[in-house]
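Only the coordinates and a few stated rules stand behind these numbers; no lab work does. If you're wondering where the values come from, they're calculated on a predicted model, not measured in any experiment. Reconstructed Cβ throughout: ideal geometry from the backbone, glycine too, with neighbour counts over all protein chains shown.
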Amino acid sequence: MADLEELYREIILDHYRSPRNRGELPPPAIRVEGFNPLCGDELVITLLVDHDTVVDLKIAGSGCSISQSSASLMSAAVKGKSVDEAHQLIATFKQMMSIHEASLDEGEEPKPIDLRSLGELAALQGVVKFPVRIKCATLAWNTLAQGLDEASAG
C-alpha cells in the first residue's frame with residue numbers, strides 16, 4: 001500500500017510540476033472561471049466542443065498542488081471524450097471525492113468505484129483523508145461542468 005501511495009504522490013507532483021494542456025484557447029472557445037475562496041485557487045478553463053465532443057481544452061490559473069494537478073489530470077482525461085462521457089467522468093470523480101463524507105453522514109458503506117477505470121485520476125483518492133482539500137481537488141471538475149453546460153446551451 002505504501003508503494004501505491006508513493007506512486008500516487010509522484011503522479012500528483014508530476015502533473016503539478018508539468019501541467020498538461022496549459023494555456024488558453026482563443027474565441028470561439030467557451031471560457032469559464034472557477035475560484036476556491038478557502039484556498040485562493042483560481043482556474044480558467046477554455047474548451048472547444050464540436051459535434052458533442054470535447055475537441056480541445058486548456059487550463060490556466062494558479063493555486064495549490066492539489067487544485068493544479070487535479071486540473072491537469074482532468075484536462076488529459078476529458079480531451080477527446082464525448083460530452084456525455086465527460087459528464088460521467090465528472091460524476092465518478094466527484095463520487096470518489098465524496099466517499100468519506102457520504103460514509104460519515106449516512107453511516108452506510110459508500111458505493112464502490114472502479115478505481116482502475118479512472119486511470120491516473122485515482123491518484124487523487126487520498127485527498128478524501130483531508131476534507132478541507134476536497135474543494136481544491138473538485139474545483140476543475142465543477143468548472144468543467146459549468147463549461148459543458150454552457151456548450152450545451154449555446
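Worth a mention:
- Relative contact order (percent, whole number), the stretch 2-153, Cα cutoff 8 Å, 6+ residue spacing: 29
- A crude spin-label estimate for the pair F35 and N142, with each label 7 Å from Cα along the Cβ direction, gives 1.3 nm.
- Dividing the helix sum by the residues of the chain, where each DSSP H run of 4 or more adds -39500 (n - 2.57), gives a mean residue ellipticity at 222 nm of -16500 deg cm²/dmol.
- Relative to the Cα centre, the charge distribution of the stretch 1-59, modelled as +1 at Lys and Arg Cβ and -1 at Asp and Glu Cβ, gives a dipole magnitude of about 240 debye.
- log₁₀ of I(q)/I(0) at q = 0.12 Å⁻¹ - the chain, Debye sum with one point per alpha carbon: -0.48
- Nearest 10 degrees, 0 to 90: helix 65-78 Cα axis against the chain principal axis: 60
- Whole-percent pair-distance distribution, where bins are 10 Å wide, for the alpha carbons of the stretch 26-67: 28, 43, 25, 4
- The length gained on full extension between D52 and L115, counted as 0.36 nm times the residue separation minus their Cα-Cα distance, comes to 20.1 nm.
- 3J(HN,Hα) from dihedral phi, the stretch 137-148, Karplus parametrisation 6.51/-1.76/1.60, rounded to Hz, x for glycine, proline: 5, 8, 3, 4, 5, 5, 5, 4, 4, 4, x, 5
- Taking a Cβ cut-off of under 11 Å around A77, the surrounding Lys, Arg, Asp and Glu residues balance to a net charge of +1, with basic ones at +1 and acidic ones at -1.
- Here the label points at S18 and A91, each 7 Å from Cα along the C-beta direction, are separated by 3.5 nm in the simple model.
- Crossing angle, helix 83-106 versus the chain [Cα axis fit, 0-90 degrees, rounded to tens]: 30
- Zone of L7's modelled label, taken as backbone nitrogen in the stretch 119-135 under 16 Å from a point 7 Å along Cα→Cβ: 119-126
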